[in-house]
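Below you'll find the structure, written out as structure tokens, and then a few comments.
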Amino acid sequence: MNHPSRIYIAADHNGFALKERLVAWLRGAGHIVEDLGASQHDPGDDYSTYGIKLGEAVAAHPGTVGIALCGSGQGIALAANKVRGVRAAVPWNPAIAMDSRTDDDANVLCLAADYLDQPLTEQIVQAWLATPFSGEARHRARIAEIERYEAQ
């Protein structure tokens, strides 16, 4: 696996159990992981809180990436993507995870804890972390267009 300088990770109550297992697995693989919560299972917490918190951490620290989990992966991705500079993707298999890095330079990986088991989750994360951005001109141009819009 590629080793970004730091991996931020966060989850709401739906993603909490899978997040806990991922933290142990990632640290076991030698990654520096900063767990932004939830620190305990709380059925009343909100994906938006953790998506924004994780997005802000990734945006504030270039060279880092984030992994965010909620039930579908969609809600936490919507929240994270509201943070300027975040490019959050919701892949459901390793191939889509690699595309999100190669083509879109995604810096936040959002996972659907209600639909992914541990082995598939690990495959997706491993593929995503190991795949660099292609840097192709057409992909850089698309990202630049998004960045210009964010700057308005």
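Every number here is computed from the coordinates shown, using simple stated rules; none is lab data. Computed from a predicted model, the values in this text were never measured in an experiment. Heads up, the Cβs are rebuilt from the backbone with ideal geometry, glycines too, and the neighbour counts pull from every protein chain shown.
Suppose R0 equals 41 Å. What FRET efficiency, 1/(1 + (r/R0)^6) with r the Cβ-Cβ distance, do Gln40 and Arg142 give to the nearest 0.05?
Working: r = 40 Å, r/R0 = 0.97.
The computed FRET efficiency comes out at 0.55.
Taking a point 7 angstrom from the Cα of His61 along the C-beta vector, which residues in the stretch 104-119 have backbone N less than 17 Å away?
107-109
Using Cα pairs closer than 8 Å and at least 6 residues apart in sequence, work out the relative contact order for the stretch 7-151, in percent. Can you show the working numbers first?
Numbers: 279 pairs, mean separation 32.9, N = 145.
That works out to 23 percent.
If you scale each eigenvalue of the Cα gyration tensor by 5 and take the root, what three semi-axes come out for the stretch 90-152, rounded to whole angstrom and sorted largest first?
Semi-axis lengths for the stretch 90-152 are 25, 13, 7 Å.
Any idea how far apart Gln123 and Ala151 come out in nm if each label point goes 7 Å out from Cα toward Cβ?
Here the modelled spin labels are 4.1 nm apart.
Taking Rh as the Kirkwood radius, which is the inverse of the mean 1/r over Cα pairs, what is the Rg/Rh value for the chain? Can you show the working numbers first?
On the way: Rg = 14.2 Å, Rh = 15.1 Å.
Radius of gyration relative to Kirkwood radius: 0.95.
Can you list residues whose amide H is under 5 Å from Tyr8's amide H, if they're 5+ apart or on another chain and H is modeled 1.01 Å from N?
For Tyr8, whose amide H was placed from the backbone, the distant partners under 5 Å are Glu34, Val65, Gly66, Ile67.
Grab the Cα-Cα distance for Glu20 and Thr49, subtract it from 0.36 nm times how many residues apart they are, and report the gain in nm with one decimal.
Contour length minus Cα-Cα distance gives 8.7 nm.
Between Tyr115 and Gln74, how many nm apart are label points set 7 Å from Cα along the C-beta direction?
The answer from the label model is 0.8 nm.
As a test of the formula, what do you get for the chain when each DSSP H run with n ≥ 4 contributes -39,500 (n - 2.57) and the sum is divided by the residue count, at 222 nm and rounded to the nearest 500 deg cm²/dmol?
-14500 deg cm²/dmol
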